[in-house]
1. Could you tell me whether the range 255-270 includes any residue that is touching a Ser or Thr at 6+ places or on another chain (Cβ under 7 Å), under 18 Å from residue 209 (Cβ atoms) and of a type outside the set (A, V, I, L, M)?
2. Out of curiosity, is residue 175 outside any loop (DSSP other than H, G, I, E, B), surrounded by fewer than 16 Cβ atoms within 10 Å (Cβ to Cβ) and basic (Lys, Arg)?
3. Considering only the range 247-264, I want to know if a residue exists there that is under 29 Å from the mean Cα position of the chain (by Cα), surrounded by 20 or more Cβ atoms within 10 Å (Cβ to Cβ) and more than 24 Å from residue 173 (Cβ to Cβ).
4. Every residue in the range 334-344 that is modelled with pLDDT of 90 or more and not charged (D, E, K, R), please.
5. Out of 285, 238, 314, which single residue is under 22 Å from residue 216 (Cα atoms), surrounded by fewer than 20 Cβ atoms within 10 Å (Cβ to Cβ) and touching a Phe, Trp or Tyr at 6+ places or on another chain (Cβ under 8 Å)?
6. Pairs please, first residue from the range 41-56 and in contact (Cβ under 8 Å) with a residue 12 or more places away in the chain, second anywhere and polar (S, T, N, Q), Cβ atoms under 7 Å, 6+ apart in sequence or on different chains.
7. Got a number for residues in the range 275-310 being out of contact with any Leu (no Cβ under 9 Å at 6 or more places or on another chain) and modelled with pLDDT of 85 or more?
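The values are calculated or read from the model by the stated rules, or taken from the named source; none is laboratory data. Model, not experiment: these values are computed from the prediction. Here the Cβ is made from the backbone with ideal geometry for all residues, glycine too, and neighbour counts use every protein chain on show.
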Amino acid sequence: MASVLSRCAVHFKTRLVRQLLLVIAIGLTFAIGLTLALRQDFGTTLFYSLCITGCCSATAQGAHELLSRLLGGKRLSGLPLVIVVVIGALPGYQIGYWIADALMGQRSVTLLDGSPRQLAFLLFMVIVPCVIASYYFRSRQQLDQARAQAAEHQLQLLQAQLEPHMLFNTLANLRALIRMDPARAQTMLDQLIAFLRATLQASRSGSHSLTDEFARLTDYLALMEVRMQDRLRPHFSLPPELAGEQIPPLLLQPLVENAIKHGLEPQVEGGELHISARREGKVLLLDVRDTGAGLSQSGTTGTQFGLHQVRERLAARYGANATFTLTDSPEGGTLAQIKITQST
C-alpha cells in the first residue's frame, strides 16, 4: 500500500511540475508578444499573463475532469474537448484578472465591460493557451497510458516465461528422485501439487506483498526439502513494518532456485539459505544468501535464465530505481541482492 501511494505521489508531483512549466511558458510567450505589439510594461504584462493563464488552465481542466466523471470516465477529444475547455476557461480568465488587479491595485478591462474588438482579443487570449494546454496534457496522458500498458504487457510476458522454466526444473528434480527413492518422489509430487495450487493465484497478479512472497518461498522450499532433507536449512527474516511492501510476484524465487542449484546442492553437507528484507533509508533491500560453494567455485554454468528474468522484470517495473547484483558473500557462499529505491 505504501509503495502504491508513493508512486501516486510521484506521478502527481511530476504532473504538477509539467503543468506549472507549461503555464509559465505560455504566460511568458503572451507577455513577450503583448509587450512588443502594444508597447506595454513587460513586468506588469507578464504578471497578468501568468495569473490569467494559470487560472484558465485550472478551470478548463476542472471542467474537463468534471464532465469526464459525469460521462463515466470517458475522456474527450477533438472538437468536444475544445468546446469544453474554452467554456471552462472563461471563468478562469475573469478570476485571473481579479487576482492580478487585487495584487497590483488596478482595475482592467474585463469580459463584462469591453468593446467587441477588445472582447474578441480577450477571448483569443483565453482560447489559445487553453487549447494548447489541453491537447498537451491529453497527449501526455495517452502517452503515459501507452507506456504503462507496454510495461505491464512486458511484465506479463516475462512472468509467463518464468513459470514453465521453474516447473521444468522442478520436474527434472522429481524425475531424478523417482529412480533413487520412489516413496520420497511421491511425497515430492504431492508437495509440488500443493505448491502449484498455492502459487497459481499469485503468479497471475501484478504484484503482491512481501508476506505473500515469503509464504510462496516457504512452499517452494518445503518442496525442495523433500528431496534435500536436512541438507537444506532455510532461514527467513521479514520485519513486520515491511510485510505489506508490494513487489512483483515470485521475484525472489529464481534467486532461491539458483542458490540451491549452484550453491548448496554441489556440497555434500548442503548448507543454509538466508532470505531477508530490510530498509536502509529510501532503499528496500531483498537478500538471498547461501553458505554454499560461492561464485568462484560454482562458476557461471547453466543458462542463467532465471537471473536474466529477474533483471528484466526489475527494469520493466522500476527502471533505474532498482538494481540486482550477484556477488560472493563476506560470510561465505553467494549473495544475491535486489535494491529498490522508493520515492517519498
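1. no
2. Here the answer is yes, as residue 175 does meet what is asked.
3. Yes, because at least one residue in the range 247-264 is under 29 Å from the mean Cα position of the chain (by Cα), surrounded by 20 or more Cβ atoms within 10 Å (Cβ to Cβ) and more than 24 Å from residue 173 (Cβ to Cβ).
4. Keep residues of the range 334-344 that are modelled with pLDDT of 90 or more, which gives 334-341.
Answer for the range 334-344, where residues must be modelled with pLDDT of 90 or more and not charged (D, E, K, R): 334, 335, 336, 337, 338, 340, 341.
5. Going through 285, 238, 314 in turn, just one is under 22 Å from residue 216 (Cα atoms), surrounded by fewer than 20 Cβ atoms within 10 Å (Cβ to Cβ) and touching a Phe, Trp or Tyr at 6+ places or on another chain (Cβ under 8 Å): 238.
6. 45/35
7. 5
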